[in-house]
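Okay, so here's the structure we're looking at.
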Amino acid sequence: MTERTRIPLHRDPRVRAILVQVLAAVVVGYGFYSLFQTTVDNLVARGIQTGTNFFDEVAPFQIGFTPFFDYKLGESKYIDVFFVGIQNTILVAVLGIIAATLLGFFIGVIRLSPNWLVSRGALVYIEIFRNVPLLLQIMFWNFAIFLPTLPAPKNSIAMGAFYLNARGFHTPLPVIENTTDFAIWIALLTFLVIGLVMFARRAKALFEETGRRLPVPWISAAALIIGGYIFYLVSGSPLSFDEPVLGRFNFKGGGQLPLPLFSLWFALTLYTSAFIAENVRAGIQSVSHGQTEAALALGLSRKDTVNLVTIPQALRVIIPPTISQYLNLTKNSSLAVAVGYEELVAVWAGITLNQTGQALVIIGMTVAVYECLSLLTSFVLNWYNKRIQLTER
Amino acid sequence: MSEVKIFVPAPDRSPPSNTLGPVAWLRENLFGSISSSIATLLFFYLCFSYLPPFVDWAFIKANWTGTDRSVCEANAAGACWTFINVRLEQILFGLYFASKPEELWRPTLIFVLFFALLLPLLFERTPGKKWLSIALLGVFPVVFYFVVYGGSFGIPQSNTTQWGGFLLTFALAFVGILLALPIGILLALGRRSEMPVIRSICVIYIEFWRGTPLITILFMASVMLPLFFPAGVEFDKVVRAMIGITMFQSAYTAEAVRGGLAAIPKGQAEAAMALGLGYWRRTVLITLPQALKISIPSIVNTFIALFKDTSLVSIIGLLDLLNMAQTAARSVEWKGYDIEGYLFAGFIYWAFCYGMSRYSQNLEHKLDTNRRN
Amino acid sequence: MTTDIHMASAELGDTIIKIDELNKWYGQFHVLKDINLDVKRGERIVICGPSGSGKSTLIRCINRLETHQEGSIVVDGIELTEDTKHINEIRREVGMVFQHFNLFPHLTVLENCTLAPIWVRKAPKREAEETAMRYLERVKIPEQANKYPGQLSGGQQQRVAIARSLCMNPRVMLFDEPTSALDPEMIAEVLDVMVGLAEDGMTMLCVTHEMGFARKVANRVIFMDGGQIVEQNEPEEFFNNPQNDRTELFLSQILQH
Ligand SMILES: Nc1ncnc2c1ncn2[C@@H]1O[C@H](COP(=O)(O)OP(=O)(O)O)[C@@H](O)[C@H]1O
Ligand SMILES: [Mg+2]
């Protein structure tokens, strides 16, 4: 090896890279440090000692909607408010994700319908709902449509045991009457499911050996419904339904979705479904026509072509952006502040912050919750993409 | 004796009549199968039961003229566009300009100028696009400042807190887009840097802002921003919102630009390197121009998202288009006409977002076909 | 014509590239093993060898598109180290032509050719354009100067790429499979340009499997395999009398058809 001439430091890219990075780290670090320091000083000047001591103080306000938490005014603490907020965020997110997925897939599929009217109709739906601010939609449904037009509890719109009125949406809730019976029923159901899984395996083996196909989905569905019901009766009907009953001012009992939750859920569903529909359309269209033609040319039926060739390929394109939409929906649920649904941002970054002035801790915790959700989403996405790449090789 | 055969092309015949014309079109597109026919009928049924009443309410029976609610109350079966008509200046330009008719030329001039600069840019064949873009991104904001903000050249000053309506929405979106672009480009370059510290800083910045809902960021901007600065340094509410929006938007812009950068083949940078161009020249002359061109559709999509998201400032109490329309509809004079207010504001948002999304779809389509050639 | 070139080879100048005990790894993978190579001014070297043998890596080390870990490369008296100043000096003097042309699609042909002279050599624009037109004439496409690369055929693009490199007045030209991405009828037009360059005495290192070209212009043919130089010789000897069985096998494979 020849001996290398020494390089002047300023021309050595390694030295330069280290210098640049150290400088960047120092600038950013110092920036954060001084921001933090000024903030703490400012808070002290306002008589607020930054810290987490306020967690254990009793929260001086009521939260109307706490379905999973026994929240009591005068007893529950600030930290309980935080958890109630998270629970309510998750509740509306889950409800919204389910509905938006169903509606979005439906709209996306009919967007490609050969029927001109139907596909135009889907297009109009998509273009209207994704091009108007979500906040406007939430307020529109809540303040302009539902609040003024929905009837008072007395004249609720009844749909079976479900009631809709200006206070919200009321549903029956299953209540476990007898725990042992219920356990028996669940055990029986488990056996049924295990049996069906074994049946599906057998059917697959049969198909691979002889080529004979059994209508497994139909048989399973029928067995689940009929068998489930028979087992339910056999185990002594362990559930009863707590139905909402009209009281003096509103319905009592059952599950209650207050109107803000209902409006928020409704608007989130419409808005997000428009985006999901676009993903679905793009995904289906991304499967090249050649794929379909090749499958048809091999003699597969239309149905098999769709099930075996189009859908598996389309789903790979559809699923990643749809997962991102789920995250968006969850983040968007924070617009609940506008209608007064009590999720994380409203009760924690809103009310609690106003009451305690603990800006640093409260905003930090709120942001942390969302950052965790978004990290979780990227993990899921990465995992999914890796898996797809593996199977594509 | 063999004669030379002469090729005579057979005359074209028209296709069977049952494959042409409106009837065939109907049969194919509306009644192609039983389910399709059912869908068509259902569609017509739904349209006929909902559309006519709506058209009736919104247009035929609607109230357009007049100056107060008595007109609308007299004809309650129609929409009350009178309300929008009376409050139009407020909804478009905010309380300050609406209360000073002699100052209305200022926002009007700004919007006329904006569209005069923007519209020619949307067409492919416009000459001098470069200069128009520079005027729009460089000169226009300055004109905006002097005309709308005022305070010099004998134009009275209007504080940002007095801006409202569509003018405020526009100002927030425009500032966000304008400032986020350079920051976003730098972040995108940083995220692709080979220096781990720089890369991590950019990744954390981008993912942090992308992971947080904008409303939390606006709360942060309105509650925490004053705490971040030593006592005495103060921003008004609008400027605080602008800062929050810029931070947020730059992260999304960065991701859009990064997508473009990733699409540029490595050979481009290598060829530039082989010619002796250094990092910055290589980036500015070779990679960035190509990357930006590819990422225009995604950048426009982030514009659309931001334009809609500016409505969130109404939650922190700014009187933007949405909040102005809502406030007007809750005023004593016009109480109860929320639907009209929301529909009008919604229509403005929709027109802009739909326009932008069509534009970005066209561009995307063009880029796609160019690439295939 | 052939004789011309080979006569020139007798009067080769001093060493312009000196590679000593060069070793390079990609992670654990040893791509280049103990490479020693001296290139004289005016010499024309053809490098061949199976895919993955490290040919591209070797010539990319010469203008530091790849960094090596051991050994030394001296180009025109300047050693390639981390020193950015030296790297830039060498890149100015060494031109490179890529398999996939790598023209800048957002610039016209003329702009492609003037970019580096203007920004790196600080040439006045007018002068750079005149030079560019001269070289475009030389590669026989002056009429395409104001088109964009996407509007040209592959062979035309590769000729532009050669002209682009020549505009920097390089002392050495590196070619990395310049004809591999071209349709057969376009290969000839590119090779013609390269033969012309050789006749003018340009120092060339050329990775190619065009054996006709190698016989015609090369002073030396190098065969690489597994990151090593297996054999090097004058073209006639190399093709007619390979010394190594690996070379023989390779030649029989590429000359089979
Ligand atoms: N950036 C890289 N990282 C890891 N391995 C590489 C990289 N570039 C090339 N290689 C490997 O190095 C070997 C030599 O590559 P290359 O010089 O391109 O071969 P050739 O040009 O002779 O076909 C190949 O096995 C290739 O897979
Ligand atoms: Mg190679």
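For the reader, a short list of remarks on this structure follows.
- Candidate cross-link partners of residue A:303 among the lysines, defined by an alpha-carbon separation under 20 Å and a same-chain spacing of 8 or more, comprise A:204.
- Converting phi to 3J(HN,Hα) with the Karplus coefficients 6.51, -1.76 and 1.60 and the offset θ = phi - 60°, the range A:144-149 yields 9, 10, 5, 4, x, 9 Hz in sequence order, with x at every glycine or proline.
- Kyte-Doolittle at least -1.0, axis length at least 15 Å by Cα - qualifying DSSP helices, chain A: A:13-45, A:78-111, A:116-130, A:179-210, A:259-286, A:311-332, A:359-392
- For residue C:209, the solvent-accessible surface with a 1.4 Å probe is about 80 Å², rounded to the nearest 10.
- Legend: mean number of C-beta atoms from other chains within 10 angstrom of residue C-beta atoms, peptide A:12-20, equals 3.
- Using the Cβ-Cβ distance between residue B:296 and residue B:99 with R0 set to 45 Å, the FRET efficiency works out to roughly 0.65.
- Phi to ³J(HN,Hα) by Karplus 6.51 cos²θ - 1.76 cosθ + 1.60 over the range C:111-120, Hz, x for Gly, Pro: 5, 4, 7, 8, 3, 5, x, 6, 8, 9
- Per-residue average of Cβ from other chains inside 10 Å of A:319-332: 1
- Ranking by accessible area, most exposed first, for A:375, A:103, A:268 with a 1.4 Å probe: A:375, A:103, A:268
- Nearest-10 value in Å² for the accessible area of residue A:225, using the 1.4 Å probe: 130
- Placing B:335, B:308 in order of accessible area, with the largest value first and a 1.4 Å probe, yields B:335, B:308.
- Using a Förster distance of 25 Å, the FRET efficiency for residue A:25-residue B:192 (Cβ separation, nearest 0.05): 0.85
- The lysines whose alpha-carbon is closer than 19 Å to the alpha-carbon of residue A:252, local same-chain residues fewer than 8 away aside, are A:72, A:154.
- Heavy-atom accessible area, 1.4 Å probe, ligands and nucleic acids excluded: residues of the range B:274-293 down by at least 40 Å² from chain alone: B:274, B:275, B:276, B:277, B:281, B:285, B:286, B:290
- Gained length - residue A:383 relative to residue A:306, 0.36 nm times residue gap less alpha-carbon distance: 25.1 nm
- Cα-Cα over 20 Å, subset of B:308/B:366; C:18/C:122; B:266/C:140; C:18/C:216; A:331/B:308: B:308/B:366; C:18/C:122; B:266/C:140; C:18/C:216
- Ranked by solvent-accessible area (1.4 Å probe, protein heavy atoms only, all chains present), the residues C:16, B:201 order from largest to smallest as B:201, C:16.
- Amide hydrogen proximity for residue C:70: with H placed 1.01 Å from N in the peptide plane, the residues at 5 or more positions away or on another chain lying under 5 Å are C:23.
- Only protein heavy atoms count here, probed at 1.4 Å, and on that basis chains C and A bury about 1000 Å² of accessible area in total.
- Calculated FRET value between residue A:70 and residue B:155, using beta carbons and R₀ = 41 Å, to 0.05: 0.10
- Test item: B:225-231 mean partner chain Cβ contacts at 10 Å: 5
- Using a Gaussian network model of chain B in which every pair of alpha carbons under 10 angstrom is joined by a spring, one finds that among B:221, B:305, B:271 the greatest mean-square fluctuation is at B:271.
- Here the sum of -39500 (n - 2.57) over DSSP H runs of 4 or more residues, divided by the residues of chain B, equals -21000 deg cm²/dmol at 222 nm, to the nearest 500.
- Residues of the range C:233-257 with amide N under 16 Å of the 7 Å Cα→Cβ point at residue C:215: C:234-242, C:251-257
- Projecting the Cα atoms of B:141, B:244, B:285 onto the dipole axis of the range B:73-367, where Lys and Arg carry +1 and Asp and Glu carry -1 at the beta carbon, places B:285 farthest toward the positive end.
- Largest GNM mean-square fluctuation across B:331, B:14, B:222, computed for chain B with C-alpha springs under 10 Å, falls on B:14.
- Packing around the peptides C:162-173, C:34-45, taken as the average count of other Cβ atoms within 10 Å per residue, puts them in this order, highest first: C:162-173, C:34-45.
- Axial C-alpha extent at least 18 Å, average Kyte-Doolittle at least -1.0 - helices from chain B (DSSP): B:34-55, B:81-98, B:105-122, B:165-191, B:196-211, B:237-263, B:288-309, B:338-372
- In degrees, nearest ten, helix C:154-166 long axis to first principal axis of chain C (Cα): 90
- Peptides B:249-261, C:188-200 ranked from most to least packed by the mean count of surrounding Cβ atoms within 10 Å: B:249-261, C:188-200.
- Degrees, to the nearest 10: C:245-255 long Cα axis against longest axis of chain C: 40
- In terms of the mean number of neighbouring beta-carbon atoms within 10 Å, the peptides B:140-149, A:271-280, A:79-88, A:25-34 order highest first as A:271-280, A:79-88, B:140-149, A:25-34.
- Within the range A:93-125: backbone nitrogen closer than 19 Å to the residue B:25 label point (7 Å, Cα to C-beta): A:113-124
- In this rough spin-label picture, where each label sits 7 Å from Cα along the Cβ direction, the residue C:34-residue C:248 distance is 2.4 nm.
- Set of the range A:243-265 residues, backbone N closer than 15 Å to the point 7 Å along the Cα-Cβ line of residue A:102: A:265
The values are calculated or read from the model by the stated rules, or taken from the named source; none is laboratory data. None of the values given here were measured: they were computed from a predicted structure. Every residue, glycine as well, gets a Cβ built from its backbone with ideal geometry; the counts of neighbours run over all protein chains shown. Please note that ligands, DNA and RNA were not included when accessible areas were found on the heavy atoms of the full protein model with its side chains. Shrake-Rupley method; radii C 1.70, N 1.55, O 1.52, S 1.80 Å.
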